[in-house]
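Before any comments, here is the structure.
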Amino acid sequence: MLKLFSWLLAVCLVFGGRAQNSWVIADVNVIPMDRDTVLKHRDVYIQKGIIISMVKHGAGLPKTIPVINASGKYLMPGLVDMHVHLPDGSEPIGMRQVFDMYLQCGVTGLRSMRGEAFHPALRDSIEAGYIKAPNLYISSSLPFKDSLLSNEAIAAFIDTIKTRRYDFIKYLGGIGEERMAKIVGLCRQEHIAIAGHAYKDLQGSIRYGFRSVEHIGPLANAYKKDSLNIASLLDSMVERNITFCPTASWSMIVGFQYSEEQLHSRYGMNRIDTALMHAWDRSFSDYKTRWQKSGEERRKEYAAKTALDMTRLAAIIKLMQQKGVNVVLSPDNAMYNVPGYAMYEEMKIYQSLGMSPYQVLRAATHNAAVFFDQSKWWGSVSAGKNADLVLLDKNPLGNLENIKTVNTTLVHGQILYRKKK
Ligand SMILES: [Zn+2]
């Protein structure tokens with residue numbers, strides 16, 4: 001912990017305050033993401049981190065604002081990784097390295113799940129411009145054990161959420177109905193959102209009005225139990241404004257859906273150092289051995305179940321698109337999920353489930369803002385929105401793989417990453 005604080009301090013001393021955040025991005029093709037279209041040849045005016053206007057190219061550029069010539073390039077809202085576990089010292093990768101990787105991939109927002117006590121300070125330092133990083137949304141998790149939650153403990157927990165400005169509470173599991181009902185009641189009064197693992201099952205999360213349901217399990221299980229009832233459950237999700245974050249990459253990795261060769265050639269694997277690669281190889285081999293101890297047959301059954309869950313997920317996602325369930329995107333934290341880069345791996349899975357490039361990119365941008373109830377402020381490119389943007393060399397709507405062609409990443413109008421020429 002001390003190490004992390006001294007790291008924060010060091011970064012604060014190096015940077016210190018926001019830099020240039022007013023630009024004209026000239027002659028750019030805009031992918032607004034509030035509709036499926038490309039607005040060709042626009043000049044996008046950004047002033048103090050906010051998009052002021054967007055006009056046809058050549059209407060007259062102001063002399064006072066620096067120009068970024070973006071002819072032939074594509075501008076879209078920055079991506080948001082919606083299920084992040086920031087480094088906690090258990091792996092040989094540092095916070096600075098992780099933030100840089102996100103920025104290299106055009107990620108301008110992170111939703112941290114299961115936060116550490118220093119995360120509010122980290123978020124505040126990013127907000128103040130002391131640390132170059134994507135916007136950070138933070139959570140604190142409810143204790144896992146019912147017995148740890150006396151009335152006083154619940155009150156103290158909720159108080160911490162408010163005073164330290166956590167964005168939401170992460171639910172992990174282990175809380176009985178009586179206490180859960182009490183917590184949910186208090187959170188409603190205080191306008192605090194709860195998100196995370198399902199409360200026992202999908203119905204439990206719907207009943208308690210969780211803001212999001214994480215991972216494939218709850219949806220796949222509900223589908224398995226009664227595939228005819230799934231449509232009405234999805235209607236309830238829409239009604240109660242509940243977001244779904246499948247973290248399919250995580251399921252595929254831990255569910256043995258990739259060969260070792262495939263794991264090692266995932267996007268971004270050539271960007272990590274050998275220490276991390278070895279740590280992941282060791283963790284994965286230990287994990288596999290643990291399964292094999294209870295029998296190779298059981299491991300194979302688990303792999304088959306994961307494959308089946310993925311086919312269920314395809315049916316569920318299709319129905320979600322029809323009904324308008326808010327689906328967001330994250331690969332989650334797992335061995336071989338390279339921060340930022342694994343967003344593309346998750347996108348590939350979404351596409352294989354039948355989503356169009358526009359639907360995939362919307363899940364990674366606009367829908368994240370919908371989760372936070374902030375789509376008025378960010379998640380699309382239009383006047384009045386925050387300039388959290390990614391400039392790409394090629395059009396990702398035509399081919400999702402072009403999301404790899406990140407040229408420049410801006411957070412609140414500040415250039416935090418620029419591809420080397
Ligand atoms: Zn997670």
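Every read-out reported here was derived from the displayed coordinates using simple, explicitly stated rules and does not represent laboratory data. As the structure is a prediction and not an experimental result, all values here were calculated from the model. Heads up, the Cβs are rebuilt from the backbone with ideal geometry, glycines too, and the neighbour counts pull from every protein chain shown.
Given a Förster distance of 51 Å, report the FRET efficiency between Ala181 and Ser283 from their Cβ-Cβ distance, rounded to the nearest 0.05.
My answer for the efficiency is 0.85.
Have a look at Met33, Gly255, Ser90 and report the one farthest towards the positive end of the charge dipole of the chain, computed about the Cα centre with Cβ charges (Lys/Arg +1, Asp/Glu -1).
Met33
Using the per-residue mean of other Cβ atoms lying within 10 Å as a proxy for protection, in what order, highest first, do the peptides 107-116, 70-79, 268-277, 291-300 fall?
Descending packing order for the listed peptides: 107-116, 70-79, 268-277, 291-300.
Using only Cα atoms, locate the centre of the stretch 311-335 and the centre of the stretch 341-403, then give the distance between them in Å, rounded to an integer.
What the calculation gives is 14 Å, centre to centre.
Under a 5 Å amide H to amide H cut-off, with H placed in plane at 1.01 Å, what residues pair with Tyr417 once short-range neighbours are removed?
Amide H to amide H, under 5 Å and 5 or more residues apart or across chains, Tyr417 pairs with Thr409.
Over what distance in Å are the Cα centres of the stretch 123-197 and the stretch 44-120 separated?
So the two Cα centres are separated by 26 Å.
What does DSSP give for the chain in terms of the percent of beta bridges that are antiparallel, rounded to the nearest 5?
50
Are there trypsin sites (Lys or Arg not before Pro) in the stretch 133-204 that DSSP puts in a loop and that have at most 12 other Cβ atoms within 10 Å, and which ones?
Lys145, Arg165
If amide hydrogens are placed 1.01 Å from N in the peptide plane, which non-local residues have theirs closer than 5 Å to the one on Gln374?
Under 5 Å from the amide H of Gln374 lies no amide H from a residue far enough along the sequence or on another chain.
Using amide H atoms built in the peptide plane, which far-off residues or other-chain residues are under 5 Å from His412 H to H?
Here the answer is Ala387, Asp388, Leu389, since their amide H atoms fall under 5 Å of that of His412.
How big is the dipole moment of the stretch 269-421 about its Cα centre under a simple scheme where the beta carbon of each Lys and Arg is +1, that of each Asp and Glu is -1, and everything else is neutral? Debye, nearest 20, please.
Using Cβ point charges on Lys, Arg, Asp and Glu, the stretch 269-421 gives about 180 debye.
Tally Lys and Arg at +1 and Asp and Glu at -1 over the other residues with C-beta under 13 Å from the C-beta of Leu397: what net charge comes out?
+2
If I stretch the segment between Glu297 and Arg35 completely, what's the gain in nm (0.36 nm per residue apart, minus their alpha carbon distance), one decimal?
The span from Glu297 to Arg35 would gain 89.5 nm if fully extended.
³J(HN,Hα) across the stretch 362-371 via Karplus (A = 6.51, B = -1.76, C = 1.60, θ = phi - 60°), whole Hz, x for Gly/Pro?
My calculation for the stretch 362-371 gives 5, 4, 8, 9, 3, 5, 5, 5, 4, 4 Hz in order.
Using a ≥ b ≥ c from the Cα gyration tensor of the stretch 115-250 (square roots of the eigenvalues), is it rounded, prolate or oblate, where a/c under 1.5 gives rounded and otherwise the larger of a/b and b/c decides, a/b for prolate?
oblate
In nm², what is the average projected area of the convex hull enclosing the Cα atoms of the chain?
Averaged projected area of the chain's Cα convex hull equals 21.3 nm².
If the chain between Ala314 and Gln351 were fully stretched, how many nm would it gain, using 0.36 nm times the residue separation less the Cα-Cα distance?
12.3 nm is the gain from fully extending Ala314 to Gln351.
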